[in-house]
Amino acid sequence: MNQTIEISEFRNNTRAWLEANCPTQMRKAMTSDDDTCWGGRKWKFASDAQKLWLERMAERGWTVPTWPKEYGGGGLTGAEAKVLAQEMASLGCRPPVVSFGIWMLGPALLKFGTHEQKLEHLPKIARGEIRWCQGYSEPNAGSDLASLATRADDMGDHFIVNGQKIWTSYADECDWIFCLVRTDTAKKHTGISFVLFDMATPGASTRPIRLISGKSPFCETFFDNVRVEKRNLVGTLDAGWDVAKYLLMHERDIIGAIGEVSSTPSLSETAKSTVGLDALGRLSEFHLRSQIAEFELDEAAFRLTLQRVGDMAKASLAHPAMSSMLKYYGAELNKRRWELMASTGGSDALEWESKRSDQGQTARTWLRTKGNSIEGGTSEVQLNVIAKRILELPGA
Amino acid sequence: MSLILTEEQTMLRDSARDFLADKAPVMQLRQLRDSKDATGFSPDLWKQFAEMGFSGVLVPEEFGGMGLGHVEAGVVMEQIGHQLTCSPFLASSIAAVTTLRHAGTPEQQKTWLSRLASGELIATLAVDEKSKHQPTQISMRADTTASGFTLNGTKTFVLDGHVADLLIVAARSSGEIGDPKGITLFVVDAKASGVEIERTLMVDAHNAARITFKAVQVSTKDVLGRVDAGWATLSAALDCARTAAAAELLGLADEVFQRTVNYLKERKQFGRTIGEFQGLQHRAAELYCELEITRSMVIHAQQQIDANADGASRTVSMAKARAGRTATLAVQEAVQMHGGMGMTDAFEIGFFMKRARVLQELFGDANFHLDQLARQHGY
């Protein structure tokens with residue numbers, strides 16, 4: 001009973017504070033990527049309101065509500081954080097800042113970091129001062145990530161890092177990198193360490209990658225004799241793979257939820273305008289009609305599954321590897337959506353650089369989704385995980 | 001609403017599972033088939049169904065039932081799917097009971113529901129007239145007489161039609177074929193004069209009949225609901241039956257999948273267990289995803305019906321379409337991965353394939369329901 005009263009009091013106070021402190025401009029729906037605040041040393045705030053909103057939220061620790069207060073968090077319980085999210089949603093408040101630091105490095109440091117590391121890095125993530133990127137994949141280490149070859153040589157009080165990373169999202173806009181490096185060349189999984197360093201360190205450089213869809217956030221990242229202090233090793237030497245696995249699970253959940261995004265135009269509405277309806281009110285192209293109906297069915301079933309797996313997790317009934325199912329199916333579903341969107345759009349969906357196509361939005365998104373089943377672990381890798389861990393098939 | 005079973009529903013599932021695995025395994029279906037059993041199900045088992053309360057799961061407590069909903073009915077159906085149990089549960093305890101609950105007068109409900117709950121009476125729903133399910137196309141005639149109606153026409157694919165005591169028949173009292181208006185539901189005694197019942201042995205060795213009505217006389221008090229306005233009740237009852245069929249398909253698919261995964265771990269070729277081959281692993285993993293995703297849709301449809309939600313019918317179409325597709329895939333993969341053994345009658349996998357085909361067709365296949373879905377979404 002006391003708990004119920006406390007939480008409802010918390011809700012009232014939270015709502016009042018948000019109403020008083022969230023600038024009206026930050027309560028409007030986000031219309032483009034530019035409305036998302038990523039923070040960092042190179043960040044240029046889109047407006048004073050964006051800056052103010054971040055500062056006010058960071059001051060309360062509400063950019064990372066469940067992190068401990070001493071590390072810049074809000075120290076909220078899970079129930080309180082849920083209330084905060086609900087109240088923000090009901091007022092339409094934008095997230096004050098989003099980042100890989102919040103989603104990925106933060107959880108890893110909270111689990112594997114030392115007190116000093118947490119004190120040094122977490123508050124800067126919480127305040128949006130330092131923007132992080134992830135250095136995992138390499139040209140010759142994709143699905144077989146543990147075969148990575150970027151080396152960190154032990155120089156006594158520091159490491160010297162040499163090698164190359166690829167698919168480093170936003171590397172050119174980030175300040176620091178969390179990076180997997182080889183510290184023992186004789187071993188595979190047990191010869192990898194997890195280190196942190198500033199991208200401004202001499203010897204670190206980046207180059208953007210252009211995808212089939214046009215520009216992209218991905219970069220190639222090069223390390224030429226980069227000095228990394230020993231205090232920036234997270235976890236034990238040669239045990240970085242455990243940290244990486246922990247992080248990959250977070251990443252899969254994020255990418256798996258891609259299929260959930262509903263802001264895309266409706267397939268059937270688009271099809272009505274491009275192919276038209278017959279006298280009985282059915283789409284004139286019957287095969288397309290069936291494909292759209294099948295897609296809508298599978299999409300609805302997948303969304304329900306996201307919810308059901310969540311319900312199972314709360315009841316401790318979910319197999320941890322079910323995230324591989326969500327990643328696999330979500331990615332394939334999104335590819336199907338955009339393949340159908342391209343087909344439904346006809347020649348309109350082929351335009352690449354016109355104002356009426358919003359600079360080829362459909363064509364570019366169609367192409368970009370082909371990467372969904374590659375990034376964050378390929379569909380084939382997810383199926384391997386399901387076969388091995390859930391179905392317990394031999395030798396997988 | 002949470003998409004997992006409550007504690008009570010889980011207990012019901014466990015008791016249904018233990019009971020059916022013990023009393024009605026696939027072996028029983030084989031025996032009924034091979035002995036050309038005249039009843040086509042075990043009356044003894046049906047009696048125990050009633051004692052367990054299953055046959056009254058959807059019947060209100062005032063009529064001696066359990067007064068539960070379609071999640072609970074689905075829990076039982078799913079276990080029936082696991083064992084391929086032959087029983088009038090779907091026809092009588094679900095299709096007929098929901099029709100009577102939807103449109104029956106207090107008098108009609110009092111007369112029939114308690115006897116359906118106790119299992120002493122078996123009822124069924126007679127809808128289809130052609131080989132594909134098209135409920136608006138009903139052409140069987142109901143012509144007005146001085147004291148009621150005269151029924152003329154033929155019904156096919158009537159579940160348990162050869163053992164039913166009571167037939168709930170959809171006939172056209174007015175309107176054109178294709179028109180949902182003008183359909184009336186009648187409760188007809190299976191022994192009435194002019195009712196000719198031909199048992200149709202089906203591929204799955206479950207029970208169905210073709211029934212011809214030749215100038216069958218019914219009185220006005222045998223009308224269920226209002227004259228010419230039977231469509232709403234028929235649709236609602238069909239949706240309940242479709243949801244139940246989806247649950248049976250899910251249970252069946254789950255069972256063959258488990259059996260197949262076990263087989264992949266046992267069977268050796270080329271000096272290793274065939275489950276080590278990635279070609280098979282990926283197919284098994286894909287099937288696992290299909291099953292999990294279908295399960296979410298099926299329980300959602302059951303909950304939507306229980307909540308009497310707007311758009312429940314659309315959800316039912318989605319559940320039936322997906323369950324049909326998933327089960328079809330599951331049985332095909334099962335036979336293929338069991339190799340030559342999967343093709344033999346001695347092995348049980350074939351029984352699942354046959355039942356899946358019948359359930360896929362029953363109350364509308366995946367194509368029918370995808371068409372319904374598109375219509376309801378306005379395209």
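The values are calculated or read from the model by the stated rules, or taken from the named source; none is laboratory data. This one's a predicted model, so the numbers in the text were calculated from it and none came from an experiment. Here the Cβ positions follow ideal geometry from the backbone for every residue, glycine too, while neighbour counts run over all protein chains shown.
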Q) What number of residues in segment A:129-186 are part of a loop (DSSP other than H, G, I, E, B) and farther than 26 Å from A:Leu119 by Cα? A) 13
Q | Matching residues, segment A:96-131, being under 12 Å from the mean Cα position of the chain (by Cα) and not hydroxyl-bearing (Ser, Thr, Tyr) | A | A:Val98, A:Phe100, A:Gly101, A:Ile102, A:Trp103, A:Met104, A:Leu105
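Results for (1) basic (Lys, Arg); (2) in contact with a helix residue (DSSP H, G or I) (Cβ under 7 Å, 6 or more places away or on another chain); (3) surrounded by 24 or more Cβ atoms within 10 Å (Cβ to Cβ), shown as yes or no for each residue.
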site	(1), (2), (3)
B:Leu185	no, yes, yes
B:Ala192	no, no, no
B:Arg199	yes, no, no
B:Asn207	no, no, yes
B:Ala215	no, no, no
B:Gly225	no, yes, no
B:Leu234	no, yes, yes
B:Leu250	no, yes, yes
B:Asp254	no, yes, no
(Q) For segment A:60-87, which positions are buried (at least 21 other Cβ atoms within 10 Å of the Cβ), out of contact with any Lys or Arg (no Cβ under 8 Å at 6 or more places or on another chain) and touching a residue at least 60 places away in the same chain (Cβ under 8 Å)? (A) A:Val64, A:Leu84
**Q.** Answer from A:Leu306, A:Leu326 - the residue that is within 30 Å of B:Thr273 (Cα to Cα), facing another protein chain (nearest Cβ under 10 Å), assigned to a helix (DSSP H, G or I) and in contact (Cβ under 8 Å) with a residue 24 or more places away in the chain
**A.** A:Leu326
Q: Select from segment A:88-121 the residues that are among the polar types (S, T, N, Q) and in a loop (DSSP other than H, G, I, E, B) and write down the one among them that is surrounded by the fewest Cβ atoms within 10 Å (Cβ to Cβ).
A: A:Thr114
Q.
For segment B:152-161, check the following and say yes or no: at least one residue is part of a loop (DSSP other than H, G, I, E, B), out of contact with any Pro (no Cβ under 9 Å at 6 or more places or on another chain) and over 28 Å from B:Arg357 (Cβ atoms).
A. no
Q: Keeping to segment A:339-370, report how many residues are within 19 Å of the chain's Cα centre (by Cα) and either crowded, with 20+ Cβ neighbours inside 10 Å or modelled with pLDDT under 95 (or both).
A: 3
Q. B:His133 is checked against (1) assigned to a loop (DSSP other than H, G, I, E, B); (2) buried (at least 21 other Cβ atoms within 10 Å of the Cβ); (3) of a type outside the set (Lys, Arg) and fails just one. What number does that condition carry?
A. (2)
Q) Out of curiosity, is B:Gln302 surrounded by 22 or more Cβ atoms within 10 Å (Cβ to Cβ), touching a helix residue (DSSP H, G or I) at 6+ places or on another chain (Cβ under 8 Å) and without any contact (Cβ under 8 Å) to a residue 40 or more places away in the chain? A) no
Q.
Condition first: over 19 Å from A:Pro265 (Cα atoms), assigned to a helix (DSSP H, G or I) and more than 8 Å from chain B (Cβ to nearest Cβ). Now tell me which residues in segment A:348-381 satisfy that.
A. A:Ser379, A:Val381
Q) With B:Ala229, B:Ala209, B:Ala237, B:Ala241 as the choices, which residue is free of Cβ contacts under 8 Å to residues at least 60 places away in the same chain, closer than 24 Å to B:Leu90 by Cα and in contact with a strand residue (DSSP E or B) (Cβ under 9 Å, 6 or more places away or on another chain)? A) B:Ala209
Q: Among the residues of segment B:136-148, write down those that are under 23 Å from B:Ala91 (Cβ atoms) and crowded, with 16+ Cβ neighbours inside 10 Å.
A: B:Ile138, B:Met140, B:Ala142
Q: Sort through B:Ser296, B:Ser313, B:Ser317 and tell me the only one that's hydroxyl-bearing (Ser, Thr, Tyr), facing chain A (nearest Cβ under 9 Å) and more than 22 Å from A:Gly330 (Cβ to Cβ).
A: B:Ser317
Q.
For segment B:269-279, give me each residue that is crowded, with 20+ Cβ neighbours inside 10 Å and of a type outside the set (Gly, Ala, Ser).
A. B:Ile274
Q: Might you let me know whether segment B:20-35 holds any residue that is more than 27 Å from B:Gln258 (Cβ to Cβ) and not aliphatic (A, V, I, L, M)?
A: yes
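One line per residue, one yes/no per condition, for (1) closer than 21 Å to B:His300 by Cβ; (2) modelled with pLDDT of 90 or more; (3) hydrophobic (A, V, I, L, M, F, W, C):
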site	(1), (2), (3)
A:Arg231	no, yes, no
A:Lys245	no, no, no
A:Glu294	yes, yes, no
A:Leu304	yes, yes, yes
Q: Looking only at segment A:278-291, count how many residues are more than 7 Å from every other protein chain (Cβ to nearest Cβ) and either within 17 Å of A:Ser343 (Cα to Cα) or touching a residue at least 24 places away in the same chain (Cβ under 8 Å) (or both).
A: 6
